[in-house]
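Peer 1: Starting off with a structure, shown below.
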Amino acid sequence: MVVRIRLSRFGCKNKPFYRVMAADSRSPRDGKHLEVLGYYNPLPGQDGGKRMGLNFERVKYWLSVGAQPSEPVQRVLFRAGLLPPPPMMAMGRKGGPRDTRPIDPMTGRILTPEKPANADHSNDSKGEEDGEDDARTP
């Protein structure tokens, strides 16, 4: 039996509310579960209500015995500080090839090694000038 930590949807139409549950991977989304581990509210009220609540000890227990979190639960557990950031990939366009450059999980920006643009540009321009002089002399 493979145990997954996943979200189970509650709430009304257009007002979702999720419970974080440990469940058998073969059971349906809103079906039988092993244990309720917390909740996640993607639309908190105007009063600034809590966005998520987790029982950290039980989540750590289920992860230690081999439960696999789903992708949305992985993001929730990362925000709570229980898991390292999930691997993220930037998509160029829907259904198209993926961009394999790494992305910073906190800012969402593409991580690129910075090169001094002025030093490279000045070397290239000198090389072009020298090449032009050599072509004129013969």
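The values are calculated or read from the model by the stated rules, or taken from the named source; none is laboratory data. What you see is a predicted model, and the numbers here were worked out from it, not measured in a lab. Don't worry about glycine lacking a Cβ; one is built from the backbone with ideal geometry, like all the others, and counts go over all protein chains shown. Each accessible area value is taken on the protein alone, full model and side chains, heavy atoms only, with ligands, DNA and RNA left out. Shrake-Rupley method; radii C 1.70, N 1.55, O 1.52, S 1.80 Å.
Peer 1: For region 10-35, which positions are open to solvent by 50 Å² or more (accessible area, probe 1.4 Å), at pLDDT 85 or above and within 17 Å of Leu54 (Cβ to Cβ)?
Peer 2: The answer is Phe10, Phe17, Tyr18, Arg19, Leu34.
Peer 1: While we're here: Give all pairs with beta carbons closer than 8 Å in which a residue from region 6-26 that is of a type in the set (Ser, Thr, Tyr) and in a strand (DSSP E or B) meets a residue that is open to solvent by 90 Å² or more (accessible area, probe 1.4 Å) and at pLDDT below 85; count only pairs at least 6 apart in sequence or on separate chains.
Peer 2: Partner pairs satisfying both residue conditions: Ser8/Arg29.
Peer 1: Among the residues of region 65-76, which ones are open to solvent by 90 Å² or more (accessible area, probe 1.4 Å) and in a helix (DSSP H, G or I)?
Peer 2: Scanning region 65-76 gives Glu71, Arg75.
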